[in-house]
Amino acid sequence: MIEITEHTRNVLLEVAKKKKIYVEGSFLKLLRAPKGDQEFADYLELCKKKDTDARRKRLQVTKQVQAQNKELEAKQKENETLMIELEAALEEAQKLKEQAEAGMDKALEDLDLMQKRSQFELIGTIVRVALVIIVGVGVLTTVMYGLALVSGTDTQIIGSTWSNMFGILLTNAFSIVGTIMGVKYATEKSEDK
């Protein structure tokens, strides 16, 4: 224990009265009031009381900070878990997007193939019908010309008509086939671009 000198005692009491500053901490345990000095003994008791209150407040603040730290750690773990789940969801969404794009590409390829097949079938049908008509008209005209020859009637007009008819039929046949091939060639070139 440390006994306080008269000068130190007076300084401590004056600082406490004027500035409201008191001795605190472990140093308080070493101080002892001189015998018979009730005023300094009361001062030391007040210092001890204020020190105890200050320690209690600091302890409460420390506990509050520790509780907040625990909450922050729990929130941080929760955030990390949410981030992991979010990243997994983003990866899943990216996979689904890629699958959808692949499915769309496949559907477009199938649609293109169906269109080409439909066009090819339509062209085939047009060519068959045109050839049937051309052959039918040619056969019919030839039969009529043959009947005229066999019956002995004048075939000069029918002969020139028959010749013109075959020329027109051949020209139309080549025109139809050429048009179809041109359309097919043009659609293939536009698709390549």
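The values are calculated or read from the model by the stated rules, or taken from the named source; none is laboratory data. Computed from a predicted structure; not experimentally measured. Reconstructed Cβ throughout: ideal geometry from the backbone, glycine too, with neighbour counts over all protein chains shown.
Points worth noting:
- Test result for VAL150, in a helix (DSSP H, G or I) and surrounded by fewer than 10 Cβ atoms within 10 Å (Cβ to Cβ): yes
- The set of residues in the stretch 31-51 being surrounded by fewer than 11 Cβ atoms within 10 Å (Cβ to Cβ) and either part of a helix (DSSP H, G or I) or of a type in the set (A, V, I, L, M, F, W, C) (or both) consists of GLN38, GLU39.
- The listed residue being out of contact with any Cys (no Cβ under 7 Å at 6 or more places or on another chain), modelled with pLDDT of 80 or more, in a helix (DSSP H, G or I) and surrounded by 10 or more Cβ atoms within 10 Å (Cβ to Cβ), out of ALA54, ALA130: ALA54
- Criterion violated by ARG32 - all others in (1) at pLDDT 80 or above; (2) farther than 25 Å from ARG58 by Cβ satisfied: (1)
- Out of GLN94, GLN119, GLN60, GLN64, sole residue that is surrounded by 10 or more Cβ atoms within 10 Å (Cβ to Cβ) and assigned by TED's automatic domain parsing to the domain that holds GLY182: GLN119
- Hey, TYR185 out of contact with any strand residue (DSSP E or B) (no Cβ under 8 Å at 6 or more places or on another chain), over 30 Å from LEU113 (Cβ atoms), part of a helix (DSSP H, G or I) and not β-branched (Val, Ile, Thr) or not: no
- For the stretch 66-121, a residue qualifies if it is within 28 Å of the chain's Cα centre (by Cα) and either among the basic types (Lys, Arg) or outside any helix (DSSP H, G or I) (or both), and the qualifying residues are LYS75, LYS77, LYS95, LYS97, LYS106.
- Test result for PHE174, under 30 Å from GLU188 (Cα atoms) and either in contact (Cβ under 8 Å) with a residue 40 or more places away in the chain or not β-branched (Val, Ile, Thr) (or both): yes
- Any chance LYS20 is surrounded by fewer than 10 Cβ atoms within 10 Å (Cβ to Cβ), at positive phi and either among the hydroxyl-bearing types (Ser, Thr, Tyr) or without any contact (Cβ under 8 Å) to a residue 12 or more places away in the chain (or both): yes
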